[in-house]
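The block underneath contains the structure these notes are about, expressed in structure tokens.
The values are calculated or read from the model by the stated rules, or taken from the named source; none is laboratory data. As the structure is a computational prediction, the values presented were derived from the model and not from experiment. Using ideal geometry, Cβ is built from the backbone for each residue, glycine included, and neighbour counts are taken over all protein chains shown. For accessibility, only protein heavy atoms count, side chains too; no ligands or nucleic acids. Shrake-Rupley method; radii C 1.70, N 1.55, O 1.52, S 1.80 Å.
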Amino acid sequence: MPSKTEEYSAGQHPQFQLEELAALSNQVSECVAAEQWEQLAVVLDLRQHCLEKLFSEAVIASEALKSLASSIIEEDAVLIEKIQEQKKILEKQIVAFDKGRQATQAYTSVG
């Protein structure tokens, strides 16, 4: 049976993976706060790959994985709520813009 050092030599140390995952989760929050939607997609993709690798290796105690998964799910729920709020605001702005444009077109076609 390979030692823990040998197991980790093929990949990253689990603690490093957890730190990387935490950093990516922080970046997700930062992207949402800054409304950087394209960067958000990139960071979410990186986080997904990190999660897949972490869970596929199963080198961490299951309780730690459960806790990590729960934390990510809770954070994502908050972020989804913020994104939905921003979406509603943008939809209202689009509607207001369209009404303003229609009014402008009506005014210029009359005059």
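Figures for the structure shown
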quantity: Neighbour net charge for SER29 - beta-carbon separation under 14 angstrom, K R +1, D E -1; calculated: -4
quantity: Cβ crowding within 10 Å averaged over residues, with 15-26, 74-85 ranked highest first; calculated: 15-26, 74-85
quantity: Residue-count net charge about ASP45 - beta-carbon cut-off 12 Å; Lys, Arg +1, Asp, Glu -1; calculated: -1
quantity: Cβ charges +1 (Lys, Arg) and -1 (Asp, Glu), total dipole of the stretch 41-111, debye; calculated: 480
quantity: Residue-count net charge about GLN93 - beta-carbon cut-off 15 Å; Lys, Arg +1, Asp, Glu -1; calculated: +1
quantity: Portion, in percent, of the accessible area of the stretch 14-86 that falls on carbon or sulfur, probe 1.4 Å; calculated: 56
quantity: For the stretch 32-111, accessible area per residue (1.4 Å probe, heavy atoms of protein chains only), Å²; calculated: 77
